[in-house]
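Participant: Please read through the structure below; I'll follow up with questions.
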C-alpha cells in the first residue's frame, strides 16, 4: 500500500494505525509562526469504531490501508455468517458477527448495504439509512392516542426494539432510521 | 453555492468590519507619527528559517534575460530593517505575506500582516503600545504578561529552560504524543509541540496574553537577553487559542545575524530542505547600523477573526486559497 504524507490527509483517507485500518475524519494544521508545524488529526478506527485524536509532525508519512466500500444486497444468514451479493457480478461475500456489529438488527433481505472491506475481507457493514420492518411484539396501547406522548417499545422481526407511538400495532410495517434507531412512520 | 466557487468566502458584512479595522490601525499609527511604508513582495533573498517555506519565481525581462530568481516574502522584516538602517525612524506596513505549505482554519498561504518598528523601544515598551492597539480594536482589558518559563511551568510543571531531552520526551509521551516523542531528538520541536497543544489553549482566554523571554534556541531574529543568556528578547501575543503576533527586541549585530542564517542553511542541508540565499543586503544594512529597536508582526486576518467572532480564516478574507 502507498504511504501518505500529512499533506495528503483529508476526510475519508484510509490509513493504518496501531495495526488497525482507520479513516481520517478531519485534519487541522497547527503551526507556530516560528517553529515546527503539526497536524492534529481526528481518526475513526474502522474495526473498533473508536474515534480518537492523533498529532503528527507535518511531513511525516503513514502507511495507507487497503480499505474499500462496496454496495451489496443482503441474502441470508446461516447462523455463523451473513451472506451478501453483488447484484451485478453475483459475487458473494460472507461477513461474520464482529463485522456486522449493530447492523445485524437492521438487515432486511435484498436491502443493499455498504460493506467495508479491508484487504478483501469485510470489517464493517452499514445498513441503508432507512429500513422497513414488521412489528412482532408490542403492547396493545390505547385507542385514539397520537404520536408525541412518549410511545411504547416495539420489537421488530429482526429483534430490534424501537419506540413507536401508542397507536402502532403488531403486524404493522414501520420505517426506521438506522442511524438513530428511531421510528419514522408507518408503511401503508 | 456554485461549484465554481466564484463567490467570496467572507460575507460583505465581515469585509466592511475588516475595512474599518484597517482604517483604525492606520489612524492609530498616523496619530503617533509612525510612517506607513511599502517594501517589495518579491526579493532576491528570503528567510532562512527552517520552518518557513518561501514561494519562488523567476523574473525574465530587461536586464535579466537569463532570469532573476525572486522569492515572495514571508514577512516584510528584512526590507523594513533596511529602511530603519537608512534612518526612516518609526515605520509600519500593512501588506500581504506569503508562506508555502501553510493552509488550515488559521492559515492561508497568502495573508495580511501588520509589521511595525520602534527605534528606541525595547520589547516591553513595544508590548505596551501593542496592548493599546488591542484594547482599541478588540475592546479588551489590558493584556496579561507571562514569561515563557512561567507559562510552561504553570501548565506542565517542568522548567523549559533546564529540561533535558529525556524529560521532554517523557512529558510529551505522558500527554499523548508518544509517537512523536520517541523519534524526536530536537528539544525545541518538543517544546513547540507541548506549548502549542497544551499551553496555548490555557492562556489568554479572557484577555490577550503576552508571553516573553522565549528560549534563546528559539530567538529567531531577537537579541539574547543580557541578564540571562538562556532567553531571548522575543515575545508572542495569544488570545483565545490564537497566536496573534511575534515580536523582537531586534538583533542588530551583523555578524551574529549572518551566523544564525548560516546555521539555518546548514540545518537545511542536513535535513533535505532547499538552500535559501542569505539576505546580504540586510547584513550590509546591519553593518551600516540598525538603531536599537523593537519590532513586531501581527496577523491581521486572525485579528479580524477575533474582532468578528469567526472560527475560520476564510470567513474574514475575500477569497481564500480554494477560491483564489
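Participant: Considering every residue in B:209-220, what mean count of other chain Cβ atoms within 10 Å of its Cβ is obtained?
Facilitator: 1
Participant: Per-residue mean of other chain beta-carbon atoms within 10 angstrom of the beta-carbon, peptide B:180-193?
Facilitator: That average works out to 3.
Participant: Express in nm, to one decimal, how much length is gained between residue A:81 and residue A:60 on full extension, taking 0.36 nm for each residue of separation and deducting their alpha carbon distance.
Facilitator: Length difference between fully extended and current span is 3.6 nm.
Participant: Answer rounded, prolate or oblate for segment A:67-126, using the Cα gyration tensor with square roots of eigenvalues a ≥ b ≥ c: rounded when a/c is under 1.5, else prolate when a/b is larger than b/c, else oblate.
Facilitator: Judged from the Cα gyration tensor, segment A:67-126 comes out rounded (a/c under 1.5).
Participant: For chain A, what does the convex hull of the Cα positions come to per residue, in cubic angstrom?
Facilitator: Spread over its residues, the Cα hull of chain A gives 151 Å³ apiece.
Participant: P(r) for the protein assembly as shown: what percent of alpha-carbon pairs falls in each 20 Å bin, starting at zero?
Facilitator: Calculated over all Cα pairs of the protein assembly as shown, the distribution is 18, 42, 25, 13, 1 percent.
Participant: Place the peptides B:295-306, A:173-184, A:23-34 in order of packing, highest mean first, counting for every residue the other Cβ atoms within 10 Å and averaging per peptide.
Facilitator: Descending packing order for the listed peptides: B:295-306, A:23-34, A:173-184.
Participant: Turning to a different aspect of this structure: Put a dot 7 Å past each Cα toward the Cβ at residue B:312 and residue A:172; how far apart are the dots in nm?
Facilitator: Placing both labels 7 Å along Cα→Cβ, they lie 4.3 nm apart.
Participant: Could you work out which residue, out of B:112, B:31, B:202, moves most in a Gaussian network model of chain B, that is, has the largest mean-square fluctuation with Cα springs under 10 Å?
Facilitator: Comparing B:112, B:31, B:202 in a Gaussian network model of chain B, the most mobile one is B:31.
Participant: Still on this structure, I have one more. Going by how many other beta carbons lie within 10 Å of each one, how would you line up B:128, B:270, B:320, fewest first?
Facilitator: B:270, B:128, B:320
Participant: So what is the relative contact order of chain B, in percent, for Cα pairs below 8 Å that sit 6 or more residues apart?
Facilitator: Computed value for chain B: 25 percent relative contact order.
Participant: Just counting partner chain Cβ atoms within 10 Å, what average do the residues of peptide A:110-116 show around their Cβ?
Facilitator: 0
Participant: Please give the contour-minus-distance gain from residue B:132 to residue B:273: 0.36 nm per residue of separation, less the Cα-Cα distance, rounded to one decimal in nm.
Facilitator: Length gained between residue B:132 and residue B:273: 46.8 nm.
Participant: Using Cβ counts within 10 Å as a stand-in for footprinting exposure, how do B:213, B:275 rank, fewest first?
Facilitator: Ordered by Cβ neighbours within 10 Å, fewest first: B:275, B:213.
Participant: Something else: For a quick check: sort A:118, A:106 by the number of other beta carbons within 10 angstrom, fewest at the front.
Facilitator: Fewest-to-most Cβ neighbours within 10 Å comes out as A:118, A:106.
Participant: Can you grab the distance from the C-alpha centre of segment B:244-303 to the C-alpha centre of segment B:95-114, Å, no decimals?
Facilitator: Centre-to-centre distance over Cα atoms comes out at 19 Å.
Participant: Something else: Enumerate the residues in segment B:257-300 having an amide nitrogen under 11 Å from the point lying 7 Å beyond the Cα of residue B:125 toward its Cβ.
Facilitator: Correct set: B:292-294.
Just so you know, all these numbers are worked out from the coordinates, no wet-lab data involved. These figures come from a predicted structure and were not determined experimentally. FYI the Cβ positions are ideal-geometry reconstructions off the backbone, even for glycines, and counts take in every protein chain you see.
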